[in-house]
Amino acid sequence: MSGGARVIALHGGLIALLFVLQFVLPAYHHGNLARIMVLASYAVGYNILFGYTGLLSLGHALFFAAGMYGMGLGIQHLGLTPAPALVLGLVAGAVVSGGLALLALRTTGVAFMIVTLMFAQVGYLTILYFGEYTRGDEGFVIQQAQRVLWGIDLSDPGNRYFAALILFGSCLMLSLWLVRAPFGKVLVAIRENEERVRMLGYDIFAHKLAAMVISGTIAAAAGASYGLLFGYAGASFASVQYSIFPLLWVLLGGAGTVLGPFIGTLFMFYLIDLSSGVTTAYMLIAGVALVLLTLFAPQGLMGELRRRVWRGLP
Amino acid sequence: MPGNPYARMDLGPYILLASLEGAITAAVLALTAVGLSLVFGVMRVVNIAHGEFFMLGAVIAWWIAHSFGGHPALGFGVALIAAPLVVGALAVAADMTILKRLNYDPERTIVATIGVLYIIQQMTLMGYGPDARPVEAPFNTRLAIPWFEHGADGWAMIWPWGLGTTSYKLAVIGAAVVLLCGVWLLMSRTRFGLVMRATQADRDMAQAFGIPVERVYALVFGLGAALAALAGVLIVPIQQAHYLMGADPLLLSFIVVIIGGLGSLPGTVLAAVLIGLSDGIISVFFSPTLAKILATLLVGLVLVFRPQGLFGARSE
């Protein structure tokens, strides 16, 4: 099999597997996997900026929350139906990520990390400040009647799983197409050696800006879908913790690999799920994982696979 | 003014009280932020776990004060010495096992210290529990403050209800001033300070001249953490010990270090005083959340448009 066909087979195979799994999984894992697919879409978005462009953002919760609140507030206060509300969430994510990119891309390295962290914190505090509309920490529930998209009730587990699969499948394919397209190659080149790419005549800023907006919009799509599928929007999704999570998932699965975000989310979700049955201090797992990954496996699981088995893995 | 306990007081005495509280914030903040600034200045790494060292200081102080019976001053005195030493040793260990192996790569260090943050915080949750617990101050005499008011028969001295402070709060401010002078003396007058400054100026050249750079880094990381822990011990009689208490000092220290100019100690202290005092006074007029939003926004914008800080000199 040629490289291209193998790539299609692998990624198409995963989506087919996820499609089949919904008929065999018990209810608990069925629900979990729907959640994991939405969160993995978030990680896929994060990976485009971090894994492929080499920009480490500590503020992606801002984009996730922009999508979630763009959608949620649209339904709650503007009386929108789910479809335009989702679009509103996406637009909110694109605008917020574009705006932050214009500011944050003036900095590099550590300053970029801190700037994104600070602006995400501003977003979180703003949600708390306008508690009258957002209900702050407590959040608000999106009623079942408000979650019917084109006559399909998204609160039904079967429909929800399918919607999550469509979201994840599109994000995965978009990401795969993007990194194999010339645009994605330029992003990787920027990650590897920015000065050389500049010397070759590429517009670095425009490429980074586009990467950040694409990444932020995918994160917003995940946030909006999360709110719609699980019927809840709350300020905790805008907190620092939700900026750290995609970093952790992508690091674990393998930064700069298309499948890495999903693998990382799947493993970490179940690790935290299992440990939260034992102790309330379940974030300990996340901390230990972060330290161990940076120390011993900065390439992550799929990165190791690429290094040892399949060098052409996208 | 919602939630203002002194709403019945006139504005003048109220602002005086707010600046006194602000001075305590500033004192504790200056210690914490100088620790962060020292680590950033010498090692060029950002320590996200810094707030957790502050929290550990407070929690260890509670634990020591709780284990020692007798006069509260006894336990507190022991905590004042022991907590910074324990936390400093922990930080040295973290430096040698984690940061050194990452070769102090700035980005990977940030990710690793985020991990350390969760490890310390969650271990504290497991060992100490989710409650906020008080520590009794070693001395706590209430001091009323007079206020001068122009009445019907000229100036008169009055004692407004609620306007006052405690001897302990004043001692915290004094202790911070003494400690900061100590840090300054250490940096400018001792051999270790010279070695630190040499390492900060040029790591490779320092190494070439036989300075054990790795040991200096470990000590600086420990010293920074010890300063944060000391600030935690000092604040715990005023503010209870809780496993999540590290978040605010971390954020404020970032604000202070960035506004004061990354790695500049005098700038850091100046910014701490400014932020601490204005934090007290701004919260008279705005809600604390709005004050935090404005401060965080300011820091983000300063980093984007004036990365050398408001008081720092342009280095290149």
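Being more than 14 Å from every other protein chain (Cβ to nearest Cβ) and within 25 Å of B:Phe254 (Cβ to Cβ), is that true of even one residue in the range B:116-137?
yes
Report whether or not B:Leu250 is in contact (Cβ under 8 Å) with a residue 12 or more places away in the chain and not acidic (Asp, Glu).
The answer is yes for B:Leu250.
Quick one: would you say A:Phe262 is buried (at least 24 other Cβ atoms within 10 Å of the Cβ), among the aromatic types (Phe, Trp, Tyr) and at pLDDT 85 or above?
yes
How about the range A:41-68: which of its residues are out of contact with any strand residue (DSSP E or B) (no Cβ under 6 Å at 6 or more places or on another chain), closer than 17 Å to A:Ile127 by Cα and not in a loop (DSSP other than H, G, I, E, B)?
Those that are out of contact with any strand residue (DSSP E or B) (no Cβ under 6 Å at 6 or more places or on another chain), closer than 17 Å to A:Ile127 by Cα and not in a loop (DSSP other than H, G, I, E, B): A:Ala61, A:Leu62, A:Phe63, A:Phe64, A:Ala65, A:Ala66, A:Gly67.
Suppose we filter the range B:254-281 for residues that are free of Cβ contacts under 8 Å to residues at least 60 places away in the same chain, within 14 Å of chain A (Cβ to nearest Cβ) and more than 12 Å from the chain's Cα centre (by Cα); how many remain?
The number of residues fulfilling the criteria is 3.
When you check B:Ala218 against the structure, is it buried (at least 20 other Cβ atoms within 10 Å of the Cβ) and either within 12 Å of chain A (Cβ to nearest Cβ) or under 30 Å from B:Lys169 (Cβ atoms) (or both), yes or no?
So B:Ala218 does not fit the description; no.
Go through (1) within 14 Å of chain B (Cβ to nearest Cβ); (2) farther than 21 Å from B:Lys292 by Cα; (3) part of a helix (DSSP H, G or I); (4) of a type in the set (S, T, N, Q) and name the single condition A:Ser97 misses.
Going through (1) within 14 Å of chain B (Cβ to nearest Cβ); (2) farther than 21 Å from B:Lys292 by Cα; (3) part of a helix (DSSP H, G or I); (4) of a type in the set (S, T, N, Q) one by one, A:Ser97 breaks only (1).
Which residues, taken from the range A:118-131, are crowded, with 20+ Cβ neighbours inside 10 Å and either among the charged types (D, E, K, R) or more than 7 Å from chain B (Cβ to nearest Cβ) (or both)?
A:Ala120, A:Gly123, A:Tyr124, A:Ile127
Are there helices (runs of 4 or more DSSP H) fully within the range B:198-316 with at least 3 residues that are within 23 Å of B:Val28 (Cβ to Cβ)? List them.
Filter on the range B:198-316 gives B:213-235, B:247-260, B:265-285, B:288-305.
From the list B:Ala152, B:Ala201, B:Ala156, B:Ala176, which residue is away from every other protein chain (no Cβ under 14 Å) and surrounded by 13 or more Cβ atoms within 10 Å (Cβ to Cβ)?
B:Ala176
So, of the residues in the range A:137-154 that are part of a loop (DSSP other than H, G, I, E, B) and modelled with pLDDT of 75 or more, which turns out to be nearest to the other protein chains (Cβ to nearest Cβ)?
A:Asp137
Could you grab the pairs with beta carbons closer than 8 Å, sequence gap of 6+ or different chains, first residue in the range A:292-308 and away from chain B (no Cβ under 14 Å), second one part of a helix (DSSP H, G or I) and β-branched (Val, Ile, Thr)?
Hits for this filter: A:Leu301/A:Ile263; A:Met302/A:Ile263.
When you scan the range B:159-166, do you find a residue that is out of contact with any helix residue (DSSP H, G or I) (no Cβ under 7 Å at 6 or more places or on another chain) and within 19 Å of B:Phe40 (Cβ to Cβ), even just one?
No, there is no match, as no residue in the range B:159-166 is out of contact with any helix residue (DSSP H, G or I) (no Cβ under 7 Å at 6 or more places or on another chain) and within 19 Å of B:Phe40 (Cβ to Cβ).
Looking at (1) of a type in the set (D, E, K, R); (2) surrounded by 21 or more Cβ atoms within 10 Å (Cβ to Cβ); (3) closer than 23 Å to A:Gly12 by Cα, which is the one condition that is false for A:Arg147?
(3)
Could you list, in sequence order, all residues of the range B:263-292 that are at pLDDT 85 or above and closer than 17 Å to B:Ala247 by Cα?
If the condition is that a residue be at pLDDT 85 or above and closer than 17 Å to B:Ala247 by Cα, then B:Ala272 is the only one that fits.
Those residues that are in a loop (DSSP other than H, G, I, E, B) and either out of contact with any strand residue (DSSP E or B) (no Cβ under 7 Å at 6 or more places or on another chain) or basic (Lys, Arg) (or both), I need them from the range A:185-231; list them, please.
Residues satisfying the conditions are A:Asn193, A:Leu200, A:Gly201, A:Tyr202, A:Asp203.
Looking at the range A:101-117, which of the residues that are within 7 Å of another protein chain (Cβ to nearest Cβ) and free of Cβ contacts under 8 Å to residues at least 12 places away in the same chain is farthest from B:Asp105 (Cα to Cα)?
By that ranking, first place goes to A:Arg106.
Taking the options B:Val86, B:Val92, B:Val59, B:Val116, name whichever one is crowded, with 16+ Cβ neighbours inside 10 Å, touching a strand residue (DSSP E or B) at 6+ places or on another chain (Cβ under 8 Å) and part of a helix (DSSP H, G or I).
Only one candidate passes the filter, namely B:Val59.
Yes/no per residue for (1) closer than 25 Å to A:Ile127 by Cβ; (2) over 15 Å from the mean Cα position of the chain (by Cα); (3) within 14 Å of another protein chain (Cβ to nearest Cβ):
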position	(1), (2), (3)
A:Leu187	no, yes, no
A:Asp203	no, yes, no
A:Val213	yes, no, no
A:Gly227	yes, no, no
A:Pro246	yes, no, yes
A:Leu290	no, yes, yes
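Here is a yes/no grid of residues against (1) among the aromatic types (Phe, Trp, Tyr); (2) in a loop (DSSP other than H, G, I, E, B); (3) modelled with pLDDT of 80 or more:
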position	(1), (2), (3)
A:Leu247	no, no, yes
A:Leu252	no, no, yes
A:Phe267	yes, no, yes
A:Leu271	no, no, yes
A:Leu284	no, no, yes
A:Val288	no, no, yes
A:Leu292	no, no, yes
A:Gly303	no, no, no
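Given the options A:Gly70, A:Gly54, name the one that is facing chain B (nearest Cβ under 10 Å), among the small types (Gly, Ala, Ser) and in contact (Cβ under 8 Å) with a residue 12 or more places away in the chain.
It is A:Gly54.
Residues A:Thr126, A:Thr107: which one is among the polar types (S, T, N, Q), out of contact with any strand residue (DSSP E or B) (no Cβ under 7 Å at 6 or more places or on another chain) and not in a helix (DSSP H, G or I)?
A:Thr107
Tell me which residues, restricted to the range B:124-177, are part of a strand (DSSP E or B), of a type in the set (D, E, K, R) and more than 20 Å from B:Glu21 (Cβ to Cβ).
B:Arg133, B:Glu149, listed by residue number.
From B:Ala65, B:Ala73, B:Ala79, which residue is outside any loop (DSSP other than H, G, I, E, B), more than 29 Å from A:Leu117 (Cβ to Cβ) and in contact with an Asp or Glu (Cβ under 8 Å, 6 or more places away or on another chain)?
None of the other options fit; the residue is B:Ala65.
Which condition from (1) within 25 Å of A:Leu247 (Cβ to Cβ); (2) surrounded by 16 or more Cβ atoms within 10 Å (Cβ to Cβ) is the one that B:Thr97 breaks?
Every listed condition holds for B:Thr97 apart from (2).
Tell me, please, whether a residue that is outside any helix (DSSP H, G or I) and crowded, with 19+ Cβ neighbours inside 10 Å can be found in the range A:169-182.
no
The values are calculated or read from the model by the stated rules, or taken from the named source; none is laboratory data. Here the structure is a predicted model, which means the values were calculated and not measured. Neighbour counts run over all protein chains shown; Cβ positions are idealised from the backbone, glycine included.
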